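First the structure, in the form of structure tokens, and then the observations on it.
The values are calculated or read from the model by the stated rules, or taken from the named source; none is laboratory data. Just so it is clear, the structure is predicted and the values come from calculations on it, not from any experiment. Cβ sites come from the backbone with ideal geometry, for glycine too, and all protein chains shown count toward neighbours. What goes into the accessible areas is simple: the full protein's heavy atoms, side chains included, and nothing from ligands, DNA or RNA. Shrake-Rupley method; radii C 1.70, N 1.55, O 1.52, S 1.80 Å.
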Amino acid sequence: MSENRPGVTARAPAKVNLLLQVGPLRDDGFHDLVTVFQAVSLHEDVTATPADTWGITVEGAGGTDVSGVPLDGRNLALRAARLLAERAGVEEPVHLHVRKEVPVAGGMAGGSADAAAALVACDALWQLRTGLDGLAALGADLGSDVPFGLHGRTAVGTGRGEQLVPVLTRGAFHWVFVLDDTGLSTPRVFAECDRQRGPGWTGPGADGRLEAVEAALRDGDPRALAAALSNDLADAACALAPQLTRTLDAGRAAGALGAVVSGSGPTVALLAESATAARDVAAVLAPVVGEGRLRTASGPAVGARVLEAVA
Ligand code: C5P
């Protein structure tokens, strides 16, 4: 028994999609994507500790509501740890403790970040040295956004979103996130997007959107990036949660350079000129949407990593 060994804590970031171009529905039930992910400084911390049985506890940080997080076999962090154990032939259960800063079911890949952090924490605890590519391959079996949670920074994602190529960026980008407690299920938003497009729809075609985002990132130009933000799931998310249209408008009126639905929503991401401007946008919005629904963050943030214990 190894109960006295200390636990290992790993941290993984949330993401925002700067571009989310959705292709047709594939035979496997997924959609081909061309997306640009940026990792942002809202984090999930997962501590893995040797235990007699597999288990998980979850804590909300900074006001995060964790009531919707499953604590059974559906939990993505627990599934990640068990998958790594199975593939590596480890027969040592762990208890996971998750400290969540990322909104639950918010379109910011919080669950995927939990899985990414659990993989990194367990890999270190069991001294497996799997490597980033090996963990990302395992992560792709758990969810389309897990590989990005491992890699972090800024990347173009293709396939289901799991095939990643890093993007050159200059400087930092400053965000305000407006949370919404309407749960939006990702499959439902994709299905609504298909419904709106109708059966004859064949694909978005090449339209220069990716190149515009890449150029803005390379130049470190928040105004150009704001103009290039786009999300093909936005209309579907706004159809299912009509208040999001008002949130996007309120964000622009509060001084944001650009506003976009994050992933499949319902979180709305607002891009600001600087860290000070982001705080100003949040201050203007606080009386409108409520301070508890606002988070400021910057990107790019690094991918999943072990947090060194403080001596
Ligand atoms: O991979 P993940 O578990 O995040 O996907 C959740 C659901 O979102 C999928 O079952 C699918 O309905 C939808 N999805 C999709 N195309 C993608 C990613 C997700 O249709 N590229």
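Laid out as a table, the results:
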item: Sole exception among (1) part of a loop (DSSP other than H, G, I, E, B); (2) surrounded by 20 or more Cβ atoms within 10 Å (Cβ to Cβ); (3) assigned by TED's automatic domain parsing to the domain that holds L42 for R129, by number; result: (2)
item: Residue among G139, G159, G203 that is within 16 Å of the ligand (Cβ to nearest atom), in contact with an Asp or Glu (Cβ under 9 Å, 6 or more places away or on another chain), modelled with pLDDT of 95 or more and at positive phi; result: G159
item: Some residue of the stretch 146-156 being touching a residue at least 60 places away in the same chain (Cβ under 8 Å), assigned by TED's automatic domain parsing to the domain that holds H97, more than 20 Å from A10 (Cα to Cα) and open to solvent by 10 Å² or more (accessible area, probe 1.4 Å); result: yes
item: Test: G107 is buried (at least 20 other Cβ atoms within 10 Å of the Cβ) and on the phi > 0 side of the Ramachandran plot; result: yes
item: Any hit, the stretch 78-101, residues being within 13 Å of the ligand (Cβ to nearest atom), touching a residue at least 40 places away in the same chain (Cβ under 8 Å) and out of contact with any strand residue (DSSP E or B) (no Cβ under 8 Å at 6 or more places or on another chain); result: yes
item: Conditions (1) of a type in the set (S, T, N, Q); (2) farther than 23 Å from A241 by Cβ; (3) modelled with pLDDT of 95 or more; number of the one not met by S2; result: (3)
item: Where G62 falls short, out of the listed (1) modelled with pLDDT under 95; (2) under 15 Å from G149 (Cβ atoms); result: (2)
item: Helices (runs of 4 or more DSSP H) completely within the stretch 203-311 that count 3 or more residues being open to solvent by less than 10 Å² (accessible area, probe 1.4 Å); result: 209-219, 275-289
item: Number of the exception - T53 against (1) within 16 Å of the ligand (Cβ to nearest atom); (2) on the phi < 0 side of the Ramachandran plot; result: (1)
